[in-house]
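The values are calculated or read from the model by the stated rules, or taken from the named source; none is laboratory data. The model shown is predicted, which means the values in this text are computed figures rather than measured ones. Positions of Cβ are generated from backbone atoms using ideal geometry, with glycine treated the same way; all protein chains shown enter the neighbour counts. With ligands, DNA and RNA removed, areas are computed over all heavy atoms of the protein, side chains included. Shrake-Rupley method; radii C 1.70, N 1.55, O 1.52, S 1.80 Å.
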Amino acid sequence: MNAALKDAPPKDATKVNPLTRMLANVGALLSGRGLNAIVGLAYIAVTTRSLGIEVFGFLTLINAFAQALGEMAKFQSWQTVVQYGAKPLMDGDRKTFQQVMRLALVLDGIGAVAGVAIGVGGSLLFSHYMGWPDELAPEAALYCLSIGVMTSATGVGLLRLFDRFRMLAAEQVVSSAVRLIGCAIAASMDAPIEMFLLAWAAGTVASFLYVAVIAVWSLLQRGLLDGFSLFGPLGAGLPGVWRFAWATNFSSTIEVGFTHVLTLAIGALVGPAPAAMWRVGRQVADGMAKPARLMLPALHPEFARLRAQKDDAAMLRLARQIALIGGGVAGVLLLVCLLAGPWLLTIIMGAEYASAAGIMSWQVAAAAISIMALPIEPMLVSMHAAGAALRVRIVVIAIYFAALVPLLQIFDLTGAGAALVLASTCMAIGMFITLRSRLAAEAAAEREDKSAQPLEQTCADPRNERKGDPQ
């Protein structure tokens, strides 16, 4: 193995049971995310109690706009790092690994420039259509500068590839803690919305700096920065990497951006107060579903390793195990929400938010369905079939948004929530059908290759030449 990679995990480390390693990484993430769930709800509670429901709705819409653009501009470069960096790291191929890292950093830079430009311009020119008053346009534009660090994902991919999940677990805690401190200071000063926006932006920047420092430190430990340059080949020798990068970008853009665009759509269609109710319900639902969803970042590296080792049987076995675990967790989460939803919202957010319990139940139900289908998309990504997953996502979300306006007009937020459950179900079914189709195609291709091999060997075997044949 290359001496520069002397600190990288040995090859026999891959013999560790994938489920055991993945659950260990999930446990590491839970150690930080459990605390983050509390701290995150705390800064939301401080903000809501200080600003009131309408002004908090304005802050929610500005934050949703920035985060939606951040997710749309982000290339999800961490997936490129994991999928294309796993094999060179295992093989000690520092040059190729640095090429993957260089490409990921370039993708981050492109996303940052595009996201900030669109965010600042959109905030200044179209604030009236976004749901917040025109006088908040300059503050919204300044907040959109934080998009520049939202688009960075290379560091996250490196930490996942290096199994630095314990350190990565603190990322969201750092962000939420900075936001909580900033919001507490703003609340004590009875400050306006501008101070709360500054506190939320500071948390985003702090999270980025934390991950960047740990990632650089981890690279230095392994000697992976020796001779590294930002200038050099990008996609050469990495078959399909650009197509993979664009497909994962679009898929994640639609998945995560959908959450924030939906909040903006609700604010534009029915006002900031219902948007605030939707945002609060989603915050609590996401917090409840977070322990199960933490399996997702730990799944991608495991599937990438198993795919690199051509061990599809182990990959399928791991997917079934995760689906069973996710289904059990999802059922418990939904039961808690149905039984204690209004009480939770009253305790955390205040009595005026208790009415969001109904919509929160729909959001938790949708999250539960997504949890049960959790392993399917990472498997497609590991098979370099991110484009197929993207097509399923586009179709389902396009139908959802087409139905959103009449649903809101007829059933208010309940219609949007019920449709979200149906969309999650259709997404899971569509992904499953796509996965089965891909697996069947690969199995057929493998059978064809095996059946062709004996014939090729027979034709190439010199013993099959007849004696005395003319040369």
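In summary, L145 fulfils each of the numbered conditions (1) at positive phi; (2) open to solvent by 40 Å² or more (accessible area, probe 1.4 Å); (3) not charged (D, E, K, R) with the single exception of condition (1).
Quick check: anything in region 56-65 over 21 Å from I266 (Cβ atoms) and at pLDDT below 85? For region 56-65, residues over 21 Å from I266 (Cβ atoms) and at pLDDT below 85: absent. Against the criterion of being within 24 Å of S424 (Cα to Cα), of a type in the set (S, T, N, Q) and in contact (Cβ under 8 Å) with a residue 12 or more places away in the chain, Q309 does not qualify.
Meeting the requirement of 1 or more residues that are touching a helix residue (DSSP H, G or I) at 6+ places or on another chain (Cβ under 8 Å), open to solvent by less than 10 Å² (accessible area, probe 1.4 Å) and closer than 30 Å to Y43 by Cβ, the helices (runs of 4 or more DSSP H) wholly within region 340-416 are 357-372, 386-411.
The criterion of being under 13 Å from T47 (Cα atoms) and free of Cβ contacts under 8 Å to residues at least 24 places away in the same chain holds for I181. Restricting region 429-443 to residues that are among the aliphatic types (A, V, I, L, M) and surrounded by fewer than 18 Cβ atoms within 10 Å (Cβ to Cβ), which is farthest from M315 (Cα to Cα)? Per the criteria, the residue is I429.
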